[in-house]
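To start, the structure under review is shown below, and the notes come after it.
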Amino acid sequence: MKKVLFFNPPGDAIYLRQYYCSQTSKANYIYHLVDFNILGGIISGYFDVEYLDAVVNKYDVSACLDKLSKIDYDYIIFLTGYVSFDSDFSIMKKVKALKNVPMIAIGDIVLSKADELLSENEFLDAAIIDFTSPDILNYLKGNFNEVYSMFYKKGNEIIRPTPKENSRIFSIPIPRHDLGMNYNYRHPFVKRYPFATVLTDYGCPYKCKFCVYSTFRYKYRPVADVLEELRYIKNLGISDIFFLDQTFGSKQDRYMELCDGMIKKGFRFDWFCFSRVDVLDHEMLSLMKQSGCHTIMFGVESANPALLKEYGKGYDHEKIRDTFRTAKKLGIKTMGTFILGLPEENRESILKTIEFSKELDCDYASFNFAVPRMGTELRMKALKEKLISEDNRKMDQSGSFITLDTATLTKEEIVKLRKKAYKSFYLRPTYLWKRLISINSLEQLIVQLKDGIKIIQNVILGR
Ligand code: SF4
């Protein structure tokens, strides 16, 4: 049987390039490569699969080339992204020189630049723009007439996707969670290791104007399939789950069925997820808690009502306060994520957001720079207001570098304000004490200490 190698190329930072959103890890966390697990599930039985994650294993380029030279593979699928494409493509040229096999790219940059990347890079053979599609199997088998959602080369020609209007419901074989089992993936919210990262839908049904997931055609998996995947994960010995769905609870009936299923089947997982404050009412939050949910990450974004309205968030600050209070009462931890540096922002609006993060009394806060992601309305606005140029490509939401000035703030001022946000939120003595006494295992203590140190190094002491 021919073998496909899934490869996460090395870099000089902890890159998170999975699920079409690339960034550097602000702290020390790095979670599973869902794209590879799902693609691995799709091709299993037809192709052997091997997996090399050079980021989590901290291999440098020469160590990678050495390892690759010892693996017998027939195709290579690699991750790349706006955060690191220069370095990724230079590494992949060396990999091609080592072994001349078809190379297939996946990552946020291929969503919008596949055509350019294929024309500019002779070594590149194809690009995947939907990793939940069965097209990869048809491509690898040479059934090109059945490939609808990929870019690929045929001789000198680039064949572009011819999307079919698929149903909103999609099924995939059980993802290959076993592939990443021996790697040191970690996340500060995990209560009990080992953990797994699970995706039950694709994209997001909401339309926030700065968000790349709003540009995907939203679709979701049958709950029965997800429960089957969870059974498989349970048998692998997994204790905690990171649901990577961007808005857990968005189709409430479906998510209630999922939580109900987890309870009835007695899985007893601990789990955490992303959601929105306006989709989780008391009933839903209670059911989530009963089925093992311990932490929810909510996009709060800004303390400024005009900005919430402008960017299509669709909820107000009373709703935010209310949902955070309810989660707390039920014993669910919360993280608020905030965007700093939208084009309309000024110093006062950012300071107000920092104060709001503390007022909410959330357990964690994440302050991110506004990033004009390809395909978003924020990007169109930034171009129109000449805050970026058309050829702007390099982007990182976590803030190893910053892309946008605002009307009244320079990039440097926004960076300083973000440092202030982190210091002001995390270095409160009452907060530090609360955090310390909430740790319930040595493993969690180690992960959280390492994350804390990285945040201080990268964000507070960094540039
Ligand atoms: S709800 Fe979250 S994931 Fe969905 S579009 Fe808005 S910001 Fe993106």
(request) Kindly give Rg over Rh for region 1-66, based on alpha-carbon atoms, with the Kirkwood expression for the hydrodynamic radius. (result) 1.00
(request) With a 1.4 Å probe and every protein chain left in place, work out the accessible area per residue of the chain in Å², rounded to a whole number. (result) 41
(request) Once you've got the Cα coordinates, tell me which of K67/K234; K93/K153; K265/K289 are over 20 Å apart. (result) K67/K234
(request) Can you spot the aspartates and glutamates whose alpha carbon is less than 17 Å from K386's alpha carbon? Ignore those fewer than 8 places along the same chain. (result) E344, E345, E377, D405
(request) Could you pull the Cα extents of region 187-460 along its three principal axes, largest to smallest, in whole Å? (result) 54, 44, 34
(request) Would you kindly enumerate the cysteines in the chain that have no other Cys beta-carbon under 4.7 Å from their beta-carbon? (result) C21, C64, C204, C259, C273, C293, C362
(request) Provide the percentage of antiparallel DSSP beta bridges, counting only those with both residues in region 187-460; round to the nearest 5. (result) 5
(request) Counting only C-alpha contacts under 8 Å and six or more residues apart, can you give the relative contact order of the chain as a whole percent? (result) 14
(message) For the chain, what does the helix formula give at 222 nm: sum of -39500 (n - 2.57) over DSSP H segments with n ≥ 4, over the residue count, nearest 500 deg cm²/dmol?
(response) -11000 deg cm²/dmol
(request) Mind scanning K219/K319; K319/K384; K209/K384; K113/K164; K99/K141; K3/K141 and naming the pairs with a C-alpha gap bigger than 23 Å? (result) K219/K319; K319/K384
(request) Write down, largest first, the equivalent ellipsoid semi-axes of the chain in whole Å, where each equals the square root of 5 times an eigenvalue of the alpha-carbon gyration tensor. (result) 34, 27, 22
(message) Please list 3J(HN,Hα) in residue order for region 227-243, calculated via the Karplus relation 6.51 cos²θ - 1.76 cosθ + 1.60 where θ = phi - 60°; whole Hz, with x for glycine and proline.
(response) 5, 5, 4, 5, 4, 4, 5, 4, 5, 7, x, 6, 10, 10, 10, 9, 7
(message) Tell me the carbon and sulfur percent of the accessible area for the chain, rounded to whole percent, probe radius 1.4 Å.
(response) 52
(message) Step by step: find N for region 3-159, compute 2.2 N^0.38 Å, then divide the Cα radius of gyration by it. What's the final number?
(response) 0.96
(request) Could you name the lysines whose alpha carbon sits less than 19 Å from that of K420, not counting residues in the same chain fewer than 8 places away? (result) K26, K352, K358, K411, K454
(message) Could you work out the pair-distance distribution P(r) of region 96-160 from its alpha-carbon pairs, with 10 angstrom bin width and percents rounded to whole numbers?
(response) 22, 57, 21, 0
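The values are calculated or read from the model by the stated rules, or taken from the named source; none is laboratory data. Because the structure is predicted, anything quoted here is derived from the model rather than measured. Quick reminder, even Gly has a Cβ in these numbers, built from the backbone with ideal geometry, and neighbours come from all protein chains shown. Keep in mind that these areas ignore ligands, DNA and RNA; they rest on the heavy atoms of the full protein, side chains included. Shrake-Rupley method; radii C 1.70, N 1.55, O 1.52, S 1.80 Å.
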